[in-house]
1. Just the residues that are surrounded by fewer than 16 Cβ atoms within 10 Å (Cβ to Cβ) and either touching a helix residue (DSSP H, G or I) at 6+ places or on another chain (Cβ under 7 Å) or in a helix (DSSP H, G or I) (or both), please, taken from the stretch 57-69.
2. At pLDDT 95 or above, closer than 22 Å to residue 153 by Cα and surrounded by 18 or more Cβ atoms within 10 Å (Cβ to Cβ), is that true of residue 89?
3. Quick one: in the stretch 184-205, of everything that is in contact with a helix residue (DSSP H, G or I) (Cβ under 8 Å, 6 or more places away or on another chain) and modelled with pLDDT of 90 or more, which residue is surrounded by the fewest Cβ atoms within 10 Å (Cβ to Cβ)?
4. Among the candidates 81, 75, 40, single out the residue that is modelled with pLDDT of 95 or more and touching a helix residue (DSSP H, G or I) at 6+ places or on another chain (Cβ under 7 Å).
């Protein structure tokens, strides 16, 4: 199914040297899918950050771990994100998920690949995506995080693995408070089958999602992976 979607998107948006955001043609764009002007509008996370969740610590550069990660036990080792979830980045992610701009997976995939290279964030046994419930997947037509994970898989020696399934059609997380998010996702995920358990035992796994807000989704997925024998769990999102 994912190969069919990617082939369809090639037909939908095949041109190189065209910025996917502003449609400007420039031979220097090549297969990066973004012009220099639009790239400059994506606000990167810079300066001191929490070594666990990548939250900016610019307000207190003497800290190593943020207050949230100090208070709450994280089941994942590290989560990284290249951009702040605001401004142009926020609009692009919204359009990618809800406005049928599925071809953005190439642009976002390219940006994540570059970020992984620059930060030496590539030492994983498997890569996976946060699953959508079948009702939401049928309505949207694609899992935006899976498209990103499959793009990344092509560039690194990390096999994509379909580990978890979403058993509850949960309420949209962005509408909820931190406590409500945690309650909303309780028992929302499960392991797909026993064969998968044997594959992930002792392995280091990278989870791909679009946004890191409180980290509840990544944490719930990580709990299940760790419970079933995964060694370490890491995360990568476009923004936080």
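The values are calculated or read from the model by the stated rules, or taken from the named source; none is laboratory data. These figures come from a predicted structure and were not determined experimentally. A quick note on method: Cβ atoms are made from the backbone with ideal geometry, for glycine too, and the neighbour counts reach across all protein chains shown.
1. 67, 68
2. no
3. 190
4. Testing whether each residue is modelled with pLDDT of 95 or more and touching a helix residue (DSSP H, G or I) at 6+ places or on another chain (Cβ under 7 Å) leaves just 75.
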